[in-house]
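Peer 1: Questions regarding the structure given below will be posed in turn.
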Amino acid sequence: MTSPERHRAAAPRSVRCAVITVSDTRTAETDTSGALIRERLERAGHAVVGYAIVPDEREAVGQLVDEFAARPDCDAILLNGGTGIARRDVTYEAVAERLEKRLDGFGELFRWLSYREIGPAAMLSRAIAGVYGGKIVIAMPGSTAAVRLAMDELIVPELAHLVFEARK
C-alpha cells in the first residue's frame, strides 16, 4: 500500500464542512453553486455544519472564514465566488492573507482541468486552497460548472485526506 493510500485509509470517514457563497446577488433560493457543494458533500458522507452567503466585501468574507475556522465542529471551509479579477472579486485576498500553508496544487490543477473545458479563460480563476487554524480552506469560482468540476474532480476525492494531513 502506498503512502497516500495508507493516509486515505486512516482519514476520517466524514468531514465537517462550512460552505460560504460570496455574492452580492445570490440568495439561498438562487444559490445553485452553494447547493451543489452541499449536495456533493452530503452524498460523499460529509456533514455540512454551516452555510452562509456573504457579500463581496473583503472584511466580511474574512470575518466569516475566521468564525468558521474557530469552530471546533468544523474541519473544512469551502467558498465559492469572488475568485475572478473583477474589482468586486475579493475572496482570493480574504483567504490568501489567512493561509498558514498554501496548497498551490489545487489552483494549478483546477485551472488545468478548467482549461480543458473552457480554454484560455481558465487563467482568470484565482482558485486557492490551504490550511488556516488547522482547517482546510478552499476557494473556487462561483459558476455552477466550475463548482461541479472542483467538487467532482478535486475536492470530494481528496477532502478527507486533506483534513487528515492538516490535523497532523
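Peer 1: Those residues that are crowded, with 24+ Cβ neighbours inside 10 Å and of a type in the set (Gly, Ala, Ser), I need them from the stretch 124-141; list them, please.
Peer 2: Once the filter is applied, which keeps residues that are crowded, with 24+ Cβ neighbours inside 10 Å and of a type in the set (Gly, Ala, Ser), the stretch 124-141 yields Ala127, Ala129, Ala139.
Peer 1: Among the candidates Gly34, Gly105, Gly82, which residue alone is small (Gly, Ala, Ser), surrounded by 21 or more Cβ atoms within 10 Å (Cβ to Cβ) and closer than 18 Å to Gly130 by Cα?
Peer 2: Details: Gly34 fails: closer than 18 Å to Gly130 by Cα; Gly105 fails: surrounded by 21 or more Cβ atoms within 10 Å (Cβ to Cβ).
None of the others qualify; the one that does is Gly82.
Peer 1: Further, regarding this structure: Only one of (1) of a type in the set (Lys, Arg); (2) at pLDDT 95 or above; (3) surrounded by 11 or more Cβ atoms within 10 Å (Cβ to Cβ) fails for Arg8. Which number is that?
Peer 2: Arg8 satisfies every listed condition except (2).
Peer 1: Suppose the filter is modelled with pLDDT of 95 or more and assigned to a helix (DSSP H, G or I); does Gly82 pass it? Steps first, answer last, please.
Peer 2: Values: modelled with pLDDT of 95 or more: yes; assigned to a helix (DSSP H, G or I): no.
Taking the combined requirement at face value, the residue does not satisfy it.
Peer 1: Now for a separate question. Among the residues of the stretch 151-161, how many are under 17 Å from Ala139 (Cβ atoms), crowded, with 17+ Cβ neighbours inside 10 Å and either more than 12 Å from the chain's Cα centre (by Cα) or free of Cβ contacts under 8 Å to residues at least 40 places away in the same chain (or both)?
Peer 2: Qualifying residue count for the region: 1.
Peer 1: Okay, moving on. Sort out which residues of the stretch 15-31 are surrounded by 14 or more Cβ atoms within 10 Å (Cβ to Cβ) and in contact (Cβ under 8 Å) with a residue 24 or more places away in the chain, and write them in order of number.
Peer 2: Val15, Arg16, Cys17, Ala18, Val19, Ile20, Thr21, Val22, Ser23, Arg26
Peer 1: Among the numbered criteria (1) in contact with a helix residue (DSSP H, G or I) (Cβ under 6 Å, 6 or more places away or on another chain); (2) assigned to a helix (DSSP H, G or I); (3) of a type in the set (D, E, K, R), which one does Asp66 miss?
Peer 2: (1)
Peer 1: Any idea which of Met151, Met123 is closer than 23 Å to Asp31 by Cα, assigned to a helix (DSSP H, G or I) and at pLDDT 95 or above?
Peer 2: Met151
Peer 1: Same structure again: Only one of (1) closer than 23 Å to Asp56 by Cα; (2) small (Gly, Ala, Ser); (3) surrounded by fewer than 21 Cβ atoms within 10 Å (Cβ to Cβ) is not met by Gly119, so which one is it?
Peer 2: With respect to (1) closer than 23 Å to Asp56 by Cα; (2) small (Gly, Ala, Ser); (3) surrounded by fewer than 21 Cβ atoms within 10 Å (Cβ to Cβ), Gly119 is out only on (1).
Peer 1: Aliphatic (A, V, I, L, M), over 26 Å from Ser14 (Cα atoms) and in a loop (DSSP other than H, G, I, E, B): is that true of Ile118 in this structure?
Peer 2: no
The values are calculated or read from the model by the stated rules, or taken from the named source; none is laboratory data. Computed from a predicted model, the values in this text were never measured in an experiment. FYI the Cβ positions are ideal-geometry reconstructions off the backbone, even for glycines, and counts take in every protein chain you see.
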